[in-house]
Structures are given as structure tokens and as C-alpha cells.
Amino acid sequence: MAASLEMIIPPLVADDRRSFAELGAGIIAGEIARSVGERGSCALMLAGGSTPRTIYERLAAGREEQISWSKVSVYFGDERCVPPDDPQSNYAMARGSLLNSIVPAGAQVHRMRGEAADPDGAATDYDSLLPGRIDVLVLGMGTDGHIASLFPGQPAAHETIRRVVAVKSPRPPACRLTITPPVIMNARSVIVLVSGPDKAAMVARVLGSDDRDESIPASLARHARWILDPGAASGLSAPGRKLKASE
Ligand code: 6PG
């Protein structure tokens, strides 16, 4: 059987924190514009945590490519089981850094109902409103290699049927809603934003080896576009990435 090359896209490494935000916002804006140009719309799924905040603020400032926000539907990759105005809420972080600017421009926002008394039911409801494919999926990564709220060793990291599930997180808040591998694998464009030297070792494990490490959920996104700050990239041995020939 002819060998086919499995390309690992070389990660983009920013010079510093400020350019990390510029680089991240520029890449995301370009992918949104490409989706709108090619399909007339964009299903954009946002990451939570703290890393994306400056990138969302930059996107909101609109200094990147002009985005037709009225053509963009916003979804979330995961959410903590807290009310939408709780400081721990991923929605609250996105609202303050991005949504308050783009909703008036017509963006449609589909929030995960973290406050629901029945998290499983909320996960099922969210699954049913997701589009067939996400056009632009933004992810962060934890020091343990989790992405969204898919944590190492947990069943959700190997879910193949349901697209959204409720999980018990080893990190507070314990209860979370999260997308599962099918959503990640089926997304048209995946962008992973990682900053900080504390993540360098995990970045090197995920991007530095030729074979996927099934024990690390972030490996699901090994072929994505990774955007790193210098600290997160400090564990990578070579600037380029090896091409992998696979049967
Ligand atoms: C969450 C996020 C999570 C996040 C990583 C990195 O709900 O916490 O969705 O997957 O991306 O934990 O978090 P930081 O950006 O805060 O380091």
C-alpha cells in the first residue's frame, strides 16, 4: 500500500506574551474569515480557562481581518457546572473578553447550561444543538495534557458516540460539561493555544513524538495548529517537525 505522509503542522511560536495574543487572534480571525468565505458561515467553538482571554480581547478589538460576526455562531468546548455569571464560568470569561463586543455585531451565542440541576440532561441538550461539524475549534491545554474537560484516564477522553457529556473533573470545579473526541476529530480547523513554561514538558510530549500517546487527551489535537508562547515552546527540541510516513 502506498505510504501516505501524516503531516504534523509546525507549531507557531510567538516572541513574547503580547505577540502571542496577536498571533492567536490573527490565526483565529483568518480561519473564521475563511469559513465565512467558503461556506457563508462559521461555527466557532471557544476554549475556556485563562489563556484565551487576551486573544479574545484582541479579536474583539477587531484589528484583525474584518469578520462578519453576523455569520458566526459561537459555541463552547466545555463549561464548569456554575452559573453564567460565576467567575469560574468559561462563558463569563468569553462574555467579558469577546462576546460583549461581537453579539451587538450579530454573532449568535449558544451557551452550555452549566447551572443546570441535571448536568447529563444539559449535555444531551447541548449535543442536540451542535452543528454537524465545527468550523473553527479553539482549545487550550492543561499541564496534564487535558483539552476541553477531557482529562487523562477518564472515560470521556475515549467517548466515541456522544458529542457532549458531563464529567467529574480532578480539578475544581469538579462537575463540568465537555465536548468529546468526535467533535474534535470532526472539526474543520483546530487551533490549540498554550502559554507558560509549566506546560512545556507536555507540549513536547504531544508534539515531539511521531506516535500519538493515547493516554494524553491533547494528542487528539496533534495535527492541529498549535500556537505557543516562548515558555510553552521551551521543551521542543527542533523548530521543524518530522514528516511521518504511515501505511
Ligand atoms: C477549562 C478549559 C480547559 C483549559 C485548560 C488550560 O474549562 O479550564 O476549557 O481545557 O483550556 O485547563 O487552562 P488555562 O488556559 O487556564 O491554563
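Laboratory data are not the source of any read-out in this text; all were calculated from the coordinates shown. Because the structure is predicted, anything quoted here is derived from the model rather than measured. All Cβ positions, even for glycine, are placed from backbone atoms using ideal geometry, and neighbour counts span all protein chains on display.
Numbers below:
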item: Matching residues in the range 170-181 - criterion: being crowded, with 17+ Cβ neighbours inside 10 Å and outside any strand (DSSP E or B); result: Thr180, Pro181
item: Which numbered condition Ala204 misses (of (1) away from the ligand (no atom under 16 Å from the Cβ); (2) of a type in the set (A, V, I, L, M); (3) crowded, with 24+ Cβ neighbours inside 10 Å); result: (3)
item: Pairs, first part of a loop (DSSP other than H, G, I, E, B) in the range 187-199, second among the β-branched types (Val, Ile, Thr) and more than 9 Å from the ligand (Cβ to nearest atom), C-beta under 6 Å, six or more apart; result: Ala187/Ile134
item: Listing of strands (runs of 3 or more DSSP E) fully contained in the range 1-97 that carry 1 or more residues being more than 16 Å from the ligand (Cβ to nearest atom), exposed (fewer than 15 other Cβ atoms within 10 Å of the Cβ) and touching a residue at least 60 places away in the same chain (Cβ under 8 Å); result: 4-6
item: Residue that is surrounded by the most Cβ atoms within 10 Å (Cβ to Cβ) [pool: residues in the range 145-156 that are over 17 Å from His223 (Cβ atoms) and among the small types (Gly, Ala, Ser)]; result: Ser149
item: Among residues of the range 208-232, those that are of a type in the set (A, V, I, L, M) and closer than 20 Å to His158 by Cα, counted; result: 5
item: Selection from the range 191-206 of residues that are over 16 Å from the mean Cα position of the chain (by Cα) and closer than 20 Å to Ile27 by Cα; result: Gly196
item: Conditions (1) closer than 26 Å to Glu57 by Cβ; (2) assigned to a strand (DSSP E or B); number of the one not met by Val167; result: (1)
item: Single unsatisfied condition, Gly121 versus (1) more than 22 Å from Met185 (Cα to Cα); (2) part of a loop (DSSP other than H, G, I, E, B); result: (2)
item: Conditions (1) crowded, with 19+ Cβ neighbours inside 10 Å; (2) away from the ligand (no atom under 12 Å from the Cβ): number failed by Gly142; result: (2)
item: The range 45-71 - residue that is touching a helix residue (DSSP H, G or I) at 6+ places or on another chain (Cβ under 6 Å) and of a type in the set (A, V, I, L, M) and, of those, farthest from Val165 (Cα to Cα); result: Ile67
